[in-house]
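Single-structure report; data block below.
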Amino acid sequence: MSTFTIDSGTSRATPSPVPGKRMTVPAIRARKVGGATAEPLVMLTAYTMRMAQLLDPHCEMLLVGDSLGQVIYGLPSTVPVTLDMMCAHGAAVVRGSWHSLVAVDMPFGSYEASPEQAFYSATRIMKESGCAAVKLEGGEAMAATIAFLSQRGIPVIGHVGLTPQAVNQLGGYAARGKSEVEAKKILADARAIADAGAFCIVVEGVMEAIADAVTAAVGVPIIGIGASARCDGQVLVTEDMLGLFERTPRFVRRYDDLATRIGAAVETYAGEVRSRSFPTSDQTYRPKGG
Ligand code: KIV
């Protein structure tokens, strides 16, 4: 874990020692050689500067996911998330990271209409946030858009399987690929977007065997979430794995129970405020020598 020194001019915390060059798209892509990735890639979601600082030393990629709709804004799904939100949070995460490649989700409605619409939205996200890549949901139907973007200098991460922006069409967030037709479609989707130029693909909420088949069949790194330990990497929503919510989806392992720990800390604070045992002389100002 790195430590931080504060740059008093900018109030920016700079890690010490300062890490080397940021991960690049070719470096991520090159991690899969001959169809296999020796050491799995680590990706987590980040939406804020401080969380990015804490995650950055441990990850290859930080994803500014549109899951921020639910996690940060309390929205019912990712459908209402806007480009403004993604640009603002993307910029915060870029400011808080030095090592990881930062990718920002393209929100629902910002890319599906045409490759040109996707190009304008993606360039806005990249210019305003400073991120190195965008992620968009969809398989064969998005292949032409992914080709259009990647041929114009916009690195794209694909996202197939359970695609949360399509929740209204899917009728919920159940795992995908239970039928043979659906399984074949997920594989065809992953192949199509890899052929179109996606440099890496998130496979979410699919039967394990499908995740394995996609990982074996596709030449670019496959990042699983609710997928398989044999994927080329894994991603989770950070707040889920830290235990900030009462409900944990089946595919999440909780590495902490921050909700309980925050509740206990705040209960102690509230008690000390009410009993006037906070603040004490350690936390109050008085004239020197007084
Ligand atoms: O929005 C998000 O956080 C995501 C990940 C869960 C892959 O797309």
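The values are calculated or read from the model by the stated rules, or taken from the named source; none is laboratory data. As the structure is a computational prediction, the values presented were derived from the model and not from experiment. Ideal geometry is used to build each Cβ from the backbone, glycine not excepted, and the neighbour counts take in all protein chains shown.
Exactly one residue among Ala213, Ala259 is modelled with pLDDT of 95 or more, buried (at least 16 other Cβ atoms within 10 Å of the Cβ) and out of contact with any strand residue (DSSP E or B) (no Cβ under 9 Å at 6 or more places or on another chain), and that residue is Ala213. Only one of the numbered conditions (1) more than 13 Å from the ligand (Cβ to nearest atom); (2) farther than 20 Å from Ile157 by Cα; (3) modelled with pLDDT of 95 or more is not met by Ser100, and that is (2).
Among the residues of region 232-248, none qualifies, meaning not one is assigned to a helix (DSSP H, G or I) and among the small types (Gly, Ala, Ser).
Taken over region 195-213, the criterion of being over 17 Å from Ala174 (Cβ atoms) and touching a residue at least 40 places away in the same chain (Cβ under 8 Å) is satisfied by Asp195, Ala196, Gly197, Ala198, Phe199, Cys200, Ile201, Val202. The requirement of being within 27 Å of Gly138 (Cα to Cα) and assigned to a loop (DSSP other than H, G, I, E, B) is not satisfied by Arg276. Only one of these is out of contact with any helix residue (DSSP H, G or I) (no Cβ under 6 Å at 6 or more places or on another chain) and basic (Lys, Arg): Arg230, Arg254. Name it. Step by step, each of Arg230, Arg254 is checked, and only Arg254 is out of contact with any helix residue (DSSP H, G or I) (no Cβ under 6 Å at 6 or more places or on another chain) and basic (Lys, Arg).
Just one residue in the set Val220, Val235, Val203 is within 20 Å of the chain's Cα centre (by Cα), crowded, with 16+ Cβ neighbours inside 10 Å and away from the ligand (no atom under 15 Å from the Cβ); that residue is Val220. Condition first: more than 19 Å from the chain's Cα centre (by Cα) and among the aromatic types (Phe, Trp, Tyr). Can you find one or more residues in region 143-157 that meet it? Yes; the residues of region 143-157 include at least one that is more than 19 Å from the chain's Cα centre (by Cα) and among the aromatic types (Phe, Trp, Tyr). A single entry from Ala229, Ala264 fulfils the requirement of being outside any helix (DSSP H, G or I), exposed (fewer than 15 other Cβ atoms within 10 Å of the Cβ), of a type in the set (A, V, I, L, M) and modelled with pLDDT of 95 or more: Ala229.
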